[in-house]
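*Asks:* Handing you this structure, nothing more for now.
The values are calculated or read from the model by the stated rules, or taken from the named source; none is laboratory data. As the structure is a computational prediction, the values presented were derived from the model and not from experiment. Heads up, the Cβs are rebuilt from the backbone with ideal geometry, glycines too, and the neighbour counts pull from every protein chain shown.
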Amino acid sequence: MRDKLRVARSFSQASPAYDARAGLQTVVGAALLDLLETGCSRAPEVLIDLGCGTGARTALLMDLHPGARAFGLDLAQGMARHAASRAPGAFYVTGDMEALPFAPRVADLLYSSLAIQWCEDPASVLREAHRVLRPGGRFVFSTLLAGTLWQLEEGWRQVDSHVHVNRFRTGGDYRSLAENAGFRITAWREETRIETFPDVLALMRSVKGIGARNLNTGRRPGLTAPARIAALARAFEPLRTLEGLPLTYRVLYVGLEKPA
């Protein structure tokens with residue numbers, strides 16, 4: 001289970017330096033915008049960026065659709081505050097994607113990049129998205145799949161028996177959730193991205209610097225001792241390549257439509 005207060009606190013703390021460290025988010029967010037453009041048939045009147053973060057993608061959405069009324073929603077108050085200063089033309093709300101603070105059938109476009117994986121119940125997110133969309137409205141999102149951070153998970157498994165890495169769902173899980181919510185699937189793409197780092201400390205700073213800490217209940221509480229980091233580094237070393245220590249991200253891109 002996800003600890004929502006911990007999720008909000010973690011991303012609020014990461015917000016000041018988030019963009020500087022969020023290389024993966026930038027690349028994936030841009031790819032999702034490309035997916036949005038290829039399937040766009042009509043300009044939205046109302047669009048909502050779910051899990052808007054620092055507002056970087058919200059600003060790009062507004063550039064793509066200058067006539068739309070734009071909203072950004074994030075669970076982390078620090079992120080929503082940061083977004084409001086970055087893309088001031090939108091309306092920002094601190095709220096939960098699993099219980100959207102919007103009336104039924106108010107939006108034409110929902111966009112969400114690398115946010116759903118932090119939700120406790122993605123089924124609720126899909127149902128809520130279907131509820132707030134108008135008939136013919138679109139929901140495009142990207143998320144992380146099972147297999148993400150597998151090197152980190154395996155490394156920690158050699159150190160202790162605690163939960164250190166967030167658990168991620170499969171593509172099949174998301175396909176079922178989308179169909180059960182009443183959506184028609186218009187686009188679907190899975191890809192593997194591998195980032196490399198000079199050492200374990202740099203790798204862990206990258207993960208924590210974008211707010212993606214272990215947010216599951218059952219995690220080991222407290223700080224990570226130097227001896228444990230050293231043990232993790234030893235476990236990681238056999239995975240080293242010429243480019244450095246690898247860390248895998250499995251990314252899913254989805255385009256959905258609410259039937260008219």
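*Asks:* Could you check how many residues of region 45-56 are under 20 Å from GLU257 (Cβ atoms) and without any contact (Cβ under 8 Å) to a residue 60 or more places away in the chain?
*Replies:* 0
*Asks:* Among the listed residues THR217, THR224, identify the single one that is at pLDDT below 95 and surrounded by 13 or more Cβ atoms within 10 Å (Cβ to Cβ).
*Replies:* THR224
*Asks:* Within region 88-121, count every residue that is of a type in the set (Gly, Ala, Ser) and touching a helix residue (DSSP H, G or I) at 6+ places or on another chain (Cβ under 6 Å). Show your work before the answer.
*Replies:* So in region 88-121, the residues of a type in the set (Gly, Ala, Ser) come out as 89-90, 95, 99, 103, 107, 112-113, 115.
From what is left, the residues that are touching a helix residue (DSSP H, G or I) at 6+ places or on another chain (Cβ under 6 Å) are 89-90, 107, 113.
Selection size over region 88-121: 4.
*Asks:* Considering GLY136, GLY155, which residue is closer than 25 Å to GLY255 by Cβ and over 15 Å from the mean Cα position of the chain (by Cα)?
*Replies:* GLY136
*Asks:* Could you check region 1-37 and list, in sequence order, the residues that are at pLDDT below 75, in a helix (DSSP H, G or I) and in contact with a strand residue (DSSP E or B) (Cβ under 8 Å, 6 or more places away or on another chain)?
*Replies:* Answer for region 1-37, where residues must be at pLDDT below 75, in a helix (DSSP H, G or I) and in contact with a strand residue (DSSP E or B) (Cβ under 8 Å, 6 or more places away or on another chain): LYS4, PHE11.
*Asks:* Do the conditions hold for ARG57, that is, is it over 18 Å from THR143 (Cα atoms) and at pLDDT 60 or above?
*Replies:* The answer is no for ARG57.
*Asks:* Any chance you could count how many residues in region 31-86 are of a type in the set (Val, Ile, Thr) and farther than 21 Å from THR186 by Cα? Explain how you work it out, then say what you get.
*Replies:* Applying the first criterion (of a type in the set (Val, Ile, Thr)) to region 31-86 yields 38, 46, 48, 54, 58.
Checking the rest, the ones that are also farther than 21 Å from THR186 by Cα come to 54, 58.
Within region 31-86, residues that are of a type in the set (Val, Ile, Thr) and farther than 21 Å from THR186 by Cα number 2.
*Asks:* Could you list, in sequence order, all residues of region 156-198 that are basic (Lys, Arg) and closer than 23 Å to HIS130 by Cα?
*Replies:* The first filter runs over region 156-198 and keeps only residues basic (Lys, Arg), leaving 157, 167, 169, 175, 184, 189, 193.
Correct list: ARG169, ARG175, ARG184, ARG189.
*Asks:* Ok, one more. May I ask you to list pairs of residues, at least six apart or on different chains, whose Cβ atoms are under 6 Å apart, with the first in region 90-119 being surrounded by fewer than 24 Cβ atoms within 10 Å (Cβ to Cβ) and the second being basic (Lys, Arg)?
*Replies:* PRO104/ARG131; ARG105/ARG134; ASP108/ARG134
*Asks:* Consider region 63-79. How many of its residues are at pLDDT below 90, outside any loop (DSSP other than H, G, I, E, B) and buried (at least 23 other Cβ atoms within 10 Å of the Cβ)?
*Replies:* So the count comes out to 1.
*Asks:* Being within 23 Å of LEU73 (Cα to Cα) and surrounded by fewer than 17 Cβ atoms within 10 Å (Cβ to Cβ): is that true of ALA146 here?
*Replies:* No; evaluated as a whole, the condition is false for this residue.
*Asks:* Write out, first by first residue and then by second, each pair whose Cβ atoms fall under 6 Å of each other, whose residues are 6+ apart or on separate chains, and whose first residue, in region 16-44, is within 18 Å of TYR253 (Cβ to Cβ) while the second is modelled with pLDDT under 90.
*Replies:* ALA22/ILE210
*Asks:* Restricting the search to region 93-144, which residues are among the acidic types (Asp, Glu) and touching a strand residue (DSSP E or B) at 6+ places or on another chain (Cβ under 8 Å)?
*Replies:* ASP108, GLU120, GLU128
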